[in-house]
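One structure is given here, and the rest of the page talks about it.
The values are calculated or read from the model by the stated rules, or taken from the named source; none is laboratory data. Because the structure is a prediction, the values reported are computed rather than measured. Positions of Cβ are backbone-derived with ideal geometry, glycine not excepted, and every protein chain shown enters the neighbour counts. The accessibility values were calculated without ligands, DNA or RNA, using every heavy atom of the protein model including side chains. Shrake-Rupley method; radii C 1.70, N 1.55, O 1.52, S 1.80 Å.
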Amino acid sequence: MPQTSVVFSSILGPSCSGQVQPGMGERGGGASGGSGDLIFQDGRLVSGSLEALMEHLVPTVDYYPDRTYIFTFLLSSRVFMPPHDLLARVGQICLEQRQQLEAGPEKAKLKSFSAKIVQLLKEWTEAFPYDFQDEKAMAELKAITHRVTQCNEENGTVKKAIAQMTQSLLLSLAARSQLQELREKLRLPAVDKGPVLKAKPPATQKDILGVCCDPLVLAQQLTHIELDRVSSIHPEDLMQIISHMDSLDNHRCRGDLTKTYSLEAYDNWFNCLSMLVATEVCRVVKKKHRTRMLEFFIDVARECFNIGNFNSMMAIISGMNLSPVARLKKTWSKVKTAKFDVLEHHMDPSSNFCNYRTALQGATQRSQMANSSREKIVIPVFNLFVKDIYFLHKIHTNHLPNGHVNFKKFWEISRQIHEFMTWTQVECPFEKDKKIQSYLLTAPIYSEEALFIASFESEGPENHMEKDSWKTLRTTLLNRA
């Protein structure tokens, strides 16, 4: 993707660099510029007609769009039209400009213009290669490159650049296709039916402590898994959240749900980790060992926090807060909960997770000033990040009253997505332990019903509601037998 980290802060300015401003998208004072239908505030593009924004994307003899604008517009345009439609319009604008150059006194500048068009297409194919998986988009790309090279006066430089771009694009598409096929073949952790009544698992059965008893090492392996899985998410996948929402509202761009696979797979990892934590606790026979297991996961969550792996930390806390685990009062009474209380404070949902957002901001600042790869790691709570994008989209309209696209809104969405993508590209600095990772990814996890059975067998029901639930579960199991 385009390296826009440096230019983003200068273009967005203070009004767009932090939280969304209440007045975002209001026209205010400004002047038209560019294609005559673009509005700027303090030198920043804040709105424009869709047609003007498309024209602003296409280079001319004397102009090349800022790379941050290219990324932001290409990312946000899918809300309004499919990529192949945008490509067709870009091709049309290019053809019109080329015809004017051929007919005018600036014919000598054709080579320069052609090179700029190829550069734009190169940035597009590098940032959003999945846009070209569609046959219509690939056909439009071929049509544009054919127009660019059809002049006899063209030298081989442009043709060589096009060939390299096409080859790189095909390699990217093939690699992504293979990765998706591989991930689809990987089975989810097996769901264990859990303990049969009064049939405790054998003491020799392997648990997480038998595989890894060092909280830091386990936190590092969880970070490996997080970065591996989140790296398969691309900017257009996140924008698909908005595109799909708009398709439900009968907008023109209808989301292809297959493109949300990476989002769903990553979200599913969070749920599996939570259930694995609950399983590891509930399946333990002796209270002393359950206490040790709870304290171990508390330490793992704390190490995740220190690393900057907030997603695993939240999943672990969620697992320990599931009812089958939370109800084990006799076990919890033996746990030194001071560290757990600190973790829950960080993930307190009040004031829109204010404490977590403060910690995330600190990790972000640490990452930006990092001297080592260990300090660069920031893995946000993915569900909260998605909700932030959703909220940002819902509270600000796509169009202003004058019909302009509310581009100030899309600057902010793009900024947040770009920051997220920067985090996903960090290389994990910890040594990989295949044995530990294999256990985390493939260990059987109990179903919700099995968790309650194991929980009630460890500590009997304490009130009428729990007694009724336990009676129902026993009856269900006996009927199955």
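Annotations for the structure displayed:
- Looking at region 205-446, the accessible area is 43 square angstrom per residue; that uses a 1.4 Å probe and ignores ligands, DNA and RNA.
- Amide H contacts of V46 (H built 1.01 Å from N, in plane; Pro and chain starts excluded): I39, F40, Q41 sit under 5 Å, all sequence-distant by 5 or more or on other chains.
- Trypsin sites (Lys or Arg not before Pro) lying in DSSP loop within region 266-370, provided at most 12 other Cβ fall within 10 Å: K286, K336
- Between D134 and any residue 5 or more places off or on another chain, the built amide H atoms are never under 5 Å apart.
- Sites Q361 and N268 - FRET efficiency at Förster radius 25 Å, r taken between beta-carbons, to 0.05: 0.35
- Between H399 and C354, the simple spin-label model (points 7 angstrom out along Cα→Cβ) gives 3.9 nm.
- Heavy-atom accessible surface of region 38-180, averaged per residue, reaches 44 Å², computed with a 1.4 Å probe.
- At most 16 other Cβ within 10 Å, DSSP loop - GluC sites (Glu not before Pro), region 410-450: E427, E431
- FRET efficiency for the pair A370 and N479, taken as 1/(1 + (r/R0)^6) with r the Cβ-Cβ distance and R0 = 56 Å, rounds to 0.45.
- For region 205-446, convex hull volume per residue from C-alpha positions, Å³: 141
- Efficiency of FRET from Cβ geometry, N306 and D468, R₀ 41 Å, rounded to 0.05: 0.45
- Rolling a 1.4 Å probe across all protein chains gives K206 an accessible area of roughly 110 Å².
- Shape class for region 38-180: oblate, because the ratio a/c of the largest to smallest gyration tensor axis (alpha-carbon atoms, square roots of eigenvalues) is 1.5 or more and b/c is at least a/b.
- Protein accessible area in region 351-481, 1.4 Å probe - carbon and sulfur %: 51
- Charged side chains reduced to their Cβ positions (Lys and Arg at +1, Asp and Glu at -1) give region 49-165 a dipole of some 320 debye around its Cα centre.
- Distant-in-sequence amide H partners of H399 (H built 1.01 Å from N, under 5 Å): N406
- For region 205-446, a crude dipole built from +1 on the beta carbon of Lys and Arg and -1 on the beta carbon of Asp and Glu, taken about the Cα centre, is about 980 debye to the nearest 20.
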